Amino acid sequence: MKIKFLENEYWWGGLSEDGLNMPYGANSNMKVDLCRDAVSNQYVSLFVSNQGRILFREQLYEIVFEHGEITCPDDIVLQEGYGDLRTAYLTAMRAFFPFDGDIPDETFFKVPQYNTWIEMHLEQNQEGIINYAKSILDNGMAAGIIMIDEGWALYNGCFKINQGKFPDLKKMAEQLHEMGFKIMVWVTPMVTCDTHEYRTLRDKQWLVREKDGNPAIRGWWDGYSAVMDLTNPEMCAWFEEKLNFLMQEYGIDGFKFDAGDAYMYRDDDLLYKPMPRGEHMKRFQQLGLKYKLNEFRASYNMAGRAISSRLADRAHAWDHTGLASVIPNTLAQGITGYVYNCPDMIGGGDSVSFETQMDQLDQELIVQYSQACALCAMMQFSLAPWRVLRAENFGYVLETAALHTKFGGGGGICGGDNCKTAAGK
């Protein structure tokens, strides 16, 4: 189908990762491929225009904006006559992603979040996390949600604690709660091969399978792993049982749900309930909705739901890979219905970009990144600004954190070993 642009018409939608390219106008030359393998953020199969038009198709598709025309599948639904962008958005929202009134845990919005990824990378450990939390408070920042990233478990698909790194996770959780923090830990639907969990799930046929019936082994940033078949209610129940045990046994409050990207699935996968890969992606977010403290980086057609949606990892850079994309991509999250959004970690969350720059970090970049995030729905730190910034520059960061807390209705910025805020228990 070919659709002519109206006069002065502009379109928004599709991929939040493409926010920097929006809006798409008659002079645009842009292909948006919702089927592409490298989708790593939130996306919807919806576009809306400032001239009150809507394009929607439930399944993934490719759309091209060029030469004053839009080329899209013949079976796409085109709705017209809604006057302006606001009315078109509200109409599409009611039809395709109505908000159910639920929201993620309000702590997400009231105070900053802290992720341990950049400071500790794959070397997550109990002593380091306690010291990181103490440093947050000692440097005058408010307690909030602390996210323990990859490395607390023995391997992917295993929910047993790596006791070499975390000799007493329950005691650590108690200490963090006493300091006023809520705790999230990193989990994925991936399963390390040649392990007890892999063999158990394989034998039960709870893993995604190739057409020949063997478990599908998919490449991702952690190497090669099997993938949980989340169309199977028994697989989901097993996963939830593990998560609930972490909450009950150790005092974990919620989860950072990572991976589950579109490229980890195939439309022809053998599943308990066959479905396109976009729909399979949704099963991961639907599972995560059961936890008020959740975070997702990748999701499909889950706009309007109570998930905390983080932008893809930003580089420590000024250009489109880093700071330049934060506000445009955050706005794209909003216009596609992912309004409970987080603009990634301040200064960047892409650990690779820090490997060669840690000794030459750009102080102004970190300050302006913090300023750009201050009035976003969420604000997340990872790199410790008090460690890398001069006192004057860290003061600017404290001001942005205080401004965020003020608008979020939180308990304010404080200092001292026993500081507690709205995040406290």
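Can I get the semi-axes of the range 247-380's equivalent ellipsoid? Compute them from the C-alpha gyration tensor as square roots of 5 times the eigenvalues, in angstrom, largest first.
Over the Cα atoms of the range 247-380, the ellipsoid semi-axes are 29, 17, 16 Å.
Using a 1.4 angstrom probe on heavy atoms only, work out the carbon and sulfur share of the accessible area of the chain in %.
Roughly 48 percent of what the probe reaches on the chain is carbon or sulfur.
Going by a ≥ b ≥ c, the root eigenvalues of the Cα gyration tensor, does the chain fall in the rounded group (a/c under 1.5), the prolate group (a/b larger than b/c) or the oblate group?
Because a/c hits 1.5 or more and a/b fails to exceed b/c, the chain counts as oblate.
Please list, in order along the range 208-216, the HN-Hα scalar couplings obtained from phi with the Karplus expression 6.51 cos²θ - 1.76 cosθ + 1.60 (θ = phi - 60°), rounded to whole Hz, x for Gly and Pro.
With the stated coefficients, the range 208-216 comes to 4, 10, 6, 4, 7, x, 7, x, 7 Hz.
Once you sort the root eigenvalues of the Cα gyration tensor of the range 185-280 as a ≥ b ≥ c, which label holds: rounded (a/c under 1.5), prolate (a/b larger than b/c) or oblate (the other case)?
Verdict is prolate for the range 185-280.
For the chain, what does -39500 (n - 2.57) per DSSP helix run (n ≥ 4), summed and divided by total residues, give at 222 nm, in deg cm²/dmol to the nearest 500?
Calculated at 222 nm, the ellipticity per residue is -9000 deg cm²/dmol.
For the pairs LYS160/LYS211; LYS160/LYS256; LYS160/LYS273; LYS182/LYS204; LYS211/LYS242; LYS110/LYS182, note any where the Cα-Cα span goes beyond 24 Å.
Table pairs above 24 Å Cα-Cα are LYS160/LYS211; LYS160/LYS273; LYS182/LYS204; LYS211/LYS242.
Averaged per residue, what accessible surface does the range 1-140 expose to a 1.4 Å probe, in Å²?
With all protein chains present, the range 1-140 gives 43 Å² per residue.
Given the Cα-Cα distance of GLU106 and SER135 and 0.36 nm per residue of separation, how much length would full extension add, in nm?
That pair, GLU106 and SER135, stretches by 8.1 nm at full extension.
Could you calculate the FRET efficiency of LEU78 with ARG36 from 1/(1 + (r/R0)^6), where r is the beta carbon distance between them and R0 is 30 Å, rounded to 0.05?
The computed FRET efficiency comes out at 0.85.
Could you work out the relative contact order of the range 1-68, using alpha carbon pairs under 8 angstrom and six or more residues apart, expressed as a whole percent?
Relative contact order, the range 1-68: 40 percent.
Near LYS2, which lysines are there with a Cα under 18 Å away, not counting those fewer than 8 places off in the same chain?
LYS31
Tell me which DSSP H helices of the chain clear both cut-offs, 24 Å or more of axial length from alpha-carbon atoms and a mean Kyte-Doolittle hydropathy of at least 0.0.
In the chain, the long hydrophobic H runs are 391-408.
Using the heavy atoms of the protein chains alone and a 1.4 angstrom probe, what is the accessible area of the range 232-337 per residue in square angstrom?
That works out to 33 Å² per residue.
Assign unit charges at the C-beta atoms only (+1 for Lys and Arg, -1 for Asp and Glu), then state the dipole size of the chain relative to its Cα centre in Debye, rounded to the nearest 20.
Magnitude of the dipole: close to 880 debye.
Would any residue of the range 75-94 have its amide N under 13 Å from a label point 7 Å out along Cα→Cβ of ASN8? List them or say none.
84-85
Please build a GNM for the chain, connecting alpha carbons under 10 Å apart, and tell me which residue among HIS404, HIS121, HIS316 fluctuates the most.
Maximum fluctuation in the GNM of the chain, among the listed residues, is at HIS121.
Whole-Hz Karplus ³J(HN,Hα) for the range 220-228, in order, using 6.51 cos²θ - 1.76 cosθ + 1.60 and θ = phi - 60°, x for Gly and Pro?
Listing the rounded values in order: 8, 5, 9, x, 10, 9, 6, 10, 5 Hz.
Under the rule of at least 5 residues apart or a separate chain, name every residue whose amide H is placed under 5 Å from the amide H of ASP149.
For ASP149, the qualifying residues are THR116, TRP117.
How many percent of DSSP beta bridges within the chain run antiparallel, rounded to 5?
60 percent
The values are calculated or read from the model by the stated rules, or taken from the named source; none is laboratory data. The model shown is predicted, which means the values in this text are computed figures rather than measured ones. When we count neighbours, we look across all protein chains shown, and the Cβ atoms used for this are built from the backbone with ideal geometry, even at glycine. For accessibility, only protein heavy atoms count, side chains too; no ligands or nucleic acids. Shrake-Rupley method; radii C 1.70, N 1.55, O 1.52, S 1.80 Å.
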